[in-house]
1. For the stretch 211-231, what are the residues that are within 16 Å of ligand 1 (Cβ to nearest atom) and under 22 Å from Lys114 (Cβ atoms)?
2. Tell me whether the stretch 162-178 contains one or more residues that are basic (Lys, Arg) and part of a helix (DSSP H, G or I).
3. Would you confirm whether any residue within the stretch 342-362 is exposed (fewer than 15 other Cβ atoms within 10 Å of the Cβ) and at positive phi?
4. Looking for whichever is buried (at least 20 other Cβ atoms within 10 Å of the Cβ), closer than 14 Å to Val46 by Cβ and of a type in the set (Phe, Trp, Tyr) here; the options are Tyr303, Tyr285. Which one fits?
5. Evaluate the stretch 156-176: report whether one residue or more is farther than 12 Å from Glu236 by Cα, open to solvent by less than 30 Å² (accessible area, probe 1.4 Å), touching an Asp or Glu at 6+ places or on another chain (Cβ under 8 Å) and not aromatic (Phe, Trp, Tyr).
6. What is the residue count in the stretch 234-254 for residues that are open to solvent by 10 Å² or more (accessible area, probe 1.4 Å) and within 11 Å of ligand 2 (Cβ to nearest atom)?
7. Any chance the stretch 319-335 includes a residue that's modelled with pLDDT under 85, of a type in the set (A, V, I, L, M, F, W, C) and open to solvent by 10 Å² or more (accessible area, probe 1.4 Å)?
8. All but one of (1) over 14 Å from the mean Cα position of the chain (by Cα); (2) on the phi < 0 side of the Ramachandran plot; (3) at pLDDT 95 or above hold for Asp73; which doesn't?
Amino acid sequence: MEPRVHNTLMKRKEEFIPREAGSIYMYVCGPTVYNYIHIGNARCYVAFDAIYRYLKYRGYKVTYVRNLTDIDDKIINRAREEKTTSENIAEKYTRAFWEDMKRLGVEKPQVEPKATEVIPEMIQMIEVLVDKGYAYEVDGDVFFEVTKFPGYGKLSGRTLEEMRAGERVEVDERKRHPMDFALWKKAKPEEPKWPSPWGEGRPGWHIECSAMSLKFLGMGFDIHGGGQDLIFPHHENEIAQSEAYAGSEPFVRYWLHNGFVNVRGEKMAKSVGNVILVKDLFDKYNPNVLRNALRILFLSTHYRSPIDFSEDSLTEAIEALGRLETAFLNLEHILETTTTATTDSAEEGALSEALLTIRKRFEESMDDDFNTASALGATFEFARKINISLDRGLKRELVLKEAKTVLGELTDVLGIKLGLTASPEIFLLPEQLKRLSEGLSSLLTGFSVPIGKGTLPMENISAMVEALLIFRGNLRRERRWREADRIRVALSALGVEVDDVDTPKGHRWRLGLQAFAIRGNIG
Ligand code: AMP
Ligand code: ZN
């Protein structure tokens, strides 16, 4: 069975048949690097990252191109504001974008072209369009003539009349039709410029993506993605230029568009002023927790549907992450300590059965237009079964090992990386670490715990927890249960969860959500 995808061009779900069997060529419009990205932009890159990861998991050879728009009016304006060059602005925000992508766990595409590296290809395309009569020059500007391309409007489903009615910008007298758009813009004083047959200037935004996608993927590539706001005019124009240039169709086989992130029903956008920057969230939350929680938040909704972002929705996602982590860490724990080789309970049957169906449910969901919401739902259900089986005492190594592998693999397809809450020093934010270490330190003093050779370093969470647990173990051996329990409760208040199963290594403990509790307000 081939996957089915919703194609914006056909306005329906279709069987997904790539240009070449077994290979997929995909392009997603990257950022215009003039500012930090917000949660809405992040959703787009995470949604297509999950699609990219899944296609690879399914065995396709995927070539993924995501561009950087490093020349544009917005960049030029920003450079003026910051009294620097466009190159500096593009460089600064490209780095910031990469940093955000890395922290969100978004994989790097194979090719990440910058628009300014593909100028000769853009000029060559525009020359062909002029030669073929699809484009005309006025005063050093070159426009695409939309009435010459019969298919204009096929992606957005609008007629030229409707577009004209919806047009609010001032009409440029030099255009033959109000919807004609710039392929090449004559240089204004002190703007970045390149030589061309029409004089010095720079490319328009739409031709950049046509030139970059065609250069690296060729005509008729498989998937072109972006947010729904790019359908018109950006992608409509890409189709017109590319098909007019190539003299054939289709430019792209399947068009995929993600829905918006809204705040109280309104699109998150710089122009509205309701943006939450990705980098600001990463300053407030533990990065590993935030990465996973944001992905859970985004992927719990189908990529085409809107998401209403709020602090509550993020908190819910963090709690959901806790359930996945619990299953994963408990599996890890039991596999390190107390497994058996022999068949035991009826519980084994229940988990084996879940193992037989989970991959199928996950794959069927993803094959249905990349329904990550349903795939994630199946994963949560699986984690719940793992937790129940472990609670009821399932210890058979074979089943548990497989459960851990499958849980790890499926969450990885969605870019969720489990098992990171096991090493507190690495993943806590400085402030969280400080709070925890101060709390532990006052517990050590409060209970007069002897700490062996001198004082412990304040940052050494593990050493402090372990000193408290050894002390607690001694209390228990002396049957001083109430005191021992007070230590457990106090640790729990700090977010240190102690497991009361005795292991050869002593007691097992881990950090619960309390340790990286949310601080402050977002937005
Ligand atoms: P931009 O930098 O505005 O070109 O946006 C980069 C990508 O993010 C594009 O694919 C946009 O469609 C997408 N995008 C922008 N705002 C939102 C939003 N609020 N929700 C979802 N996607 C968005
Ligand atoms: Zn684009």
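The values are calculated or read from the model by the stated rules, or taken from the named source; none is laboratory data. Note that the coordinates shown come from a computational prediction; the quantities given were computed from them, not determined experimentally. Here the Cβ is made from the backbone with ideal geometry for all residues, glycine too, and neighbour counts use every protein chain on show. To get the accessible areas, we keep the full protein, side chains included, count just its heavy atoms, and leave off ligands, DNA and RNA. Shrake-Rupley method; radii C 1.70, N 1.55, O 1.52, S 1.80 Å.
1. Kept after step one, since they are within 16 Å of ligand 1 (Cβ to nearest atom), are these residues of the stretch 211-231: 212-213, 223-231.
Hits for the stretch 211-231 are Met212, Ser213, Ile223, His224, Gly225, Gly226, Gly227, Leu230.
2. First pass over the stretch 162-178, keeping only residues basic (Lys, Arg): 164, 168, 174-176.
From what is left, the residues that are part of a helix (DSSP H, G or I) are 164.
Scanning the stretch 162-178, I find at least one residue that is basic (Lys, Arg) and part of a helix (DSSP H, G or I), so the answer is yes.
3. no
4. On the way: Tyr285 fails: closer than 14 Å to Val46 by Cβ.
Exactly one residue qualifies, and that residue is Tyr303.
5. no
6. Quick first cut of the stretch 234-254, residues open to solvent by 10 Å² or more (accessible area, probe 1.4 Å) only: 243, 245-250, 253-254.
With the extra rule that they be within 11 Å of ligand 2 (Cβ to nearest atom), the set shrinks to none.
Here the count works out to 0.
7. yes
8. (3)
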